[in-house]
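Okay, structure first, notes after.
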Amino acid sequence: MGSQPSLSGTIAGERAEFTAAGSWTIEHVDVLQRLVEAAAPTVSRARALTINAAAIEELDTLGAWLLERLMRTTDGRGSEAGLVDLSDRYRGLFDKIHEVNRAPAAVPVVTSRPVAVLENVGRAALDVRTDLVVFLEMLAALAIAILRVLRHPQTFRLTSAVYHVFRVGWQAVPIILLITFLIGAIIAQQGIFHFRKFGAESYVVDMVGILVLRELGVLIVSIMVAGRSGSAYTAELGSMKMREEIDALRTMGFDPVEILILPRVLALVIALPILAFVGAMAALYGGGLVAWLYGGMSPEVFVARLREVVSVTHFEVGMIKAPFMALVIGVIACSEGLRVTGSAESLGHQTTVSVVKSIFLVIVLDGLFAVFFASIGM
Amino acid sequence: MQVSQAEAIIRVDDLVVGFDDQVVLDGLSLRVRRGEILGLVGASGGGKSVLLRTIIGLIPKRRGRIEVLGTSLDGAGPEQTRAIGRRWGILFQQGALFSSLTVLQNVQFPLRENLNLSPALLEELALAKLDMVGLTPNDGAKYPAQLSGGMTKRAALARALALDPEILFLDEPTSGLDPILAGEFDELIATLQQTLGLTVFMVTHDLDSLHTICDRVAALADGKIVALGSIATVLASEHPWVKAYFGGKRARLARAMH
Ligand SMILES: Nc1ncnc2c1ncn2[C@@H]1O[C@H](COP(=O)(O)OP(=O)(O)OP(=O)(O)O)[C@@H](O)[C@H]1O
Ligand SMILES: [Mg+2]
């Protein structure tokens, strides 16, 4: 559409005269850019510039801006430049463009490299502190919400809590069963394979039993719950934050912590121990199956040996940890959700942060518990 | 570039659109002529946005034909869709700016993706578009979440105008703007229409816009276009909803002023 644009002209002393012709439109952007760049050095030497635009057939904002830009490259920044004989049809557009981009460009703030490095270190240190503060604040807000709900039990969102237990608990059962079953089986297989070398196959039962009940069951399940439900919590609350739903709740006089967060965290605290128990059973089952099929140990022997070596303490140690893991996951997930700002990117970022942080803290917490239980002899 | 005034740039024939058991548009037909500004009015929830979104291919239709710029979007491949996408600009009711890009980057996006511009020109052109809609370079550095409602509208218009489109779809462009800005907005649209030969399809409730810049007005009620023509023609319509719409106190006031 439209004929090829052209731009030609001469400079005489301080006056430059150019003639523009053809289609100065976005379709010819490549040609136009070249034309204007080629003309710029000539024009910049002139004080006054006249562009004859009688032969311009089509003009759009891009073309108009390129002409305007050329005029601004003259010595006096376009003060003595003019466009003549432009068809009336395009006058309005050109006048509009003539007004544009007049404000002086903002000067970007430049910081030297060492200062920037120091600044980053400082910010990182502050971030760690903020993280801690945010976590504690959420914990405190939850505690307050719990106290309030205890005083007025009718305000508790039972339906919501039940719904979340269903979502994070019941719906997670199949995948938890599958993964823990496989892990139990793998541990048993590896144990048998290596213990066989010194004829200690029957100790596989000790290993599987203690490891699964004390540590792995709850740890694996917590990590899976952090990835599966923690991320969902963060994304949900984050998008509510983005659409100002949380602000709306607040202005109506409701406490978002009580309405949105308490049921979610409580659901996790209820569901995670159950999932950990289910997971531990599935892992034992997987271990037993492998011991039977691969190690040739009959199920009766496996169960009898399990009874001998595994005391209730091991089971208790595992189960005591579960609600704390749930609390950490829930609090992190919800507080990260509330830290989402307006952009889609921050939603993604906060969800990642939530999962990474809760998995990290779950493992740290497990370590602390190990120290604690060892010190009290459990 | 001589085109006959009557050439239809958007043709909609016998369009039916619905969701589940709700029929929103029921056998709607409409022609938008090249170079005109068409204002679409209709009750809130009457299907104006649905019509706009169906024309640009975002909502599937149950029946009917839609042709934009002489091509039908039915069964168009990605290349065709993209080619058409270069030739129209859309201002969504909620702005629909990309939230992880700054305002300036939002405007640069279509330019960057479709044209081969030098970085300096890219920046200047985007700033020029922002300036045209009344935003400063300072606003350009902000993210969409940091904008006021009216600024969001203007930034979205700047993005819609980025490629100097042939058709501009506007969904309530002046709602949420103060009267001065709304007036400037109308003026800008009118200037662009006159100089670029732009076709504008505008959903609006702004009676001033209807009176001052719209060449024709279409009234949507009961899923059909019930009145179409110059504002005077539509005002003379006997359709009860149209009468109620333009017979209200506010409408009479606006008319008295024009
Ligand atoms: N994605 C969707 N799914 C189901 N129903 C929808 C959807 N989008 C719109 N609707 C329904 O279609 C009808 C028309 O909506 P539309 O958004 O077109 O209204 P409108 O005329 O633009 O109103 P307003 O002036 O308030 O913007 C409404 O009843 C709405 O609920
Ligand atoms: Mg709408």
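The values are calculated or read from the model by the stated rules, or taken from the named source; none is laboratory data. Quick caveat, the model's predicted, so the values are computed rather than measured. Every residue, glycine as well, gets a Cβ built from its backbone with ideal geometry; the counts of neighbours run over all protein chains shown. Side chains included, ligands, DNA and RNA excluded: accessible areas come from the protein's heavy atoms. Shrake-Rupley method; radii C 1.70, N 1.55, O 1.52, S 1.80 Å.
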Leaving out ligands, DNA and RNA, and with a 1.4 Å probe, what % of the accessible surface on chain A is carbon or sulfur? 66 percent
Under the definition of partner shielding as Cβ atoms of other protein chains within 10 Å of a residue Cβ, what is the mean value for peptide B:19-28? 0
Return the percentage of antiparallel bridges among DSSP beta bridges fully within region A:1-107, rounded to the nearest 5 %. 35 percent
Other chains near B:120-133: what is the mean number of their Cβ atoms within 10 Å of each residue's Cβ? 5
Pairs A:LYS96/B:LYS153; B:LYS48/B:LYS129; A:LYS96/B:LYS224; A:LYS241/B:LYS142; A:LYS96/B:LYS142: which are spaced more than 30 Å apart, C-alpha to C-alpha? A:LYS96/B:LYS224
Please report the net charge: other residues with Cβ closer than 13 Å to the Cβ of A:ALA271, K and R +1, D and E -1. +3
Relative contact order, percent, chain B [alpha-carbon distance under 8 Å, six or more residues apart]: 24 percent
Just order A:192-201, A:332-341, A:83-92 by mean Cβ neighbour count inside 10 Å, highest at the front, would you? A:332-341, A:83-92, A:192-201
Using the alpha-carbon atoms, what tilt in degrees (0 to 90, nearest 10) does helix A:262-293 show relative to the longest principal axis of chain A? 60 degrees
Can you give me the long-range amide H partners of B:ARG33? Hydrogens built in the peptide plane at 1.01 Å from N, cutoff under 5 Å, separation of 5 or more residues or another chain. B:ILE9
Counting pairs of alpha carbon atoms under 8 Å apart in space and at least six apart in sequence, what relative contact order in percent does region B:99-164 give? 48 percent
Buried area at the B-A interface (accessible, heavy atoms, 1.4 Å probe, summed, Å²): 2300 Å²
Accessible area per residue, 1.4 Å probe, Å², for region A:6-98: what's the number? 41 Å²
How large is ³J(HN,Hα) for each residue in region B:182-195, as worked out from phi by the Karplus curve 6.51 cos²θ - 1.76 cosθ + 1.60 (θ = phi - 60°), to whole Hz, x for Gly and Pro? 4, x, 5, 4, 4, 4, 4, 4, 5, 4, 5, 5, 5, 7
Could you check the spin-label model distance between A:PHE254 and A:ARG307? Points 7 Å from the Cα along Cα→Cβ, value in nm. 5.3 nm
Looking at the protein assembly as shown, what % of its DSSP beta bridges pair antiparallel, to the nearest 5? 50 percent
Determine ³J(HN,Hα), in whole Hz, for all residues of region A:363-372 in sequence, where each value follows from phi through the Karplus function 6.51 cos²θ - 1.76 cosθ + 1.60 and θ = phi - 60°; x replaces Gly and Pro. 6, 4, 4, 4, x, 4, 5, 4, 4, 4
Measure nothing fancy, just the Cα-based angle from helix A:88-99's long axis to the longest principal axis of chain A, in degrees from 0 to 90, nearest 10. 60 degrees
FRET efficiency estimate (nearest 0.05) - Cβ-Cβ, B:ARG112 to A:VAL117, R0 30 angstrom: 0.45
Calc'd 3J(HN,Hα), region B:209-215, phi into Karplus 6.51 cos²θ - 1.76 cosθ + 1.60 (θ = phi - 60°), Hz, glycine/Pro = x, comes to 4, 4, 6, 8, 10, 6, 6
Relative contact order (%) - chain A, alpha-carbon pairs under 8 angstrom, separation at least six: 16 percent
How about region B:178-198: which of its residues lose at least 50 Å² of accessible area in the presence of all protein chains relative to their chain isolated, using a 1.4 Å probe? B:THR195
For region B:99-164, give the percent of accessible area contributed by carbon and sulfur heavy atoms, probe 1.4 Å, rounded to a whole number. 50 percent
Among the DSSP beta bridges whose two residues both lie in chain B, what percent are antiparallel, rounded to the nearest 5? 55 percent
What does the helix-only formula give at 222 nm for the protein assembly as shown: each DSSP H stretch with n ≥ 4 adding -39500 (n - 2.57), the total divided by the residues, and the result rounded to the nearest 500 deg cm²/dmol? -18500 deg cm²/dmol
